[in-house]
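The values are calculated or read from the model by the stated rules, or taken from the named source; none is laboratory data. On a predicted model such as this, the values are computed, not experimentally measured, just so you know. Virtual Cβ from ideal backbone geometry, glycine too; neighbours counted across all protein chains shown. Side chains are part of the model used for accessible areas, which takes the heavy atoms of the whole protein and leaves out ligands, DNA and RNA. Shrake-Rupley method; radii C 1.70, N 1.55, O 1.52, S 1.80 Å.
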Amino acid sequence: GINDAFSPITECVFEKYEFSIYNRWGEVIFRSNNQNEKWDGKYKGTDCINELYAYAVLYKFPSQTIKQVNGKVMLLR
């Protein structure tokens with residue numbers, strides 16, 4: 001019931017937003033343009049294995065350029 005889903009935490013409303021999760025081979029296993037949607041540790045309805053996953057957040061505020069933040073998240077069940 002705690003930390004069951006992962007997403008950026010923000011109260012801002014973006015003009016453009018894309019949140020992606022990648023497996024170790026660079027395959028996109030989750031992608032969303034909805035700021036309220038979170039990754040639940042699954043890919044195509046199946047639990048992903050415990051390991052390190054890369055994420056990227058692409059976002060844009062009005063009157064600003066597009067920015068990207070990258071990082072890693074460890075999935076533990």
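Would region 10-20 turn up any residue that is assigned to a strand (DSSP E or B) and under 13 Å from L75 (Cα atoms)?
no
Only residues in region 55-77 that are at pLDDT 95 or above count as the first member; pair them with residues that are open to solvent by 70 Å² or more (accessible area, probe 1.4 Å) and among the acidic types (D, E), Cβ under 8 angstrom, at least 6 apart or cross-chain, and list the lot.
Hits for this filter: K60/E15.
Which one is farthest from E27 (Cα to Cα), of the residues in region 47-68 that are assigned to a strand (DSSP E or B) and open to solvent by less than 70 Å² (accessible area, probe 1.4 Å)?
Going through the qualifying residues, I end up with K60.
Out of everything in region 9-46 that is open to solvent by 50 Å² or more (accessible area, probe 1.4 Å) and aromatic (F, W, Y), what residue ends up being nearest to G71 (Cα to Cα)?
Y22
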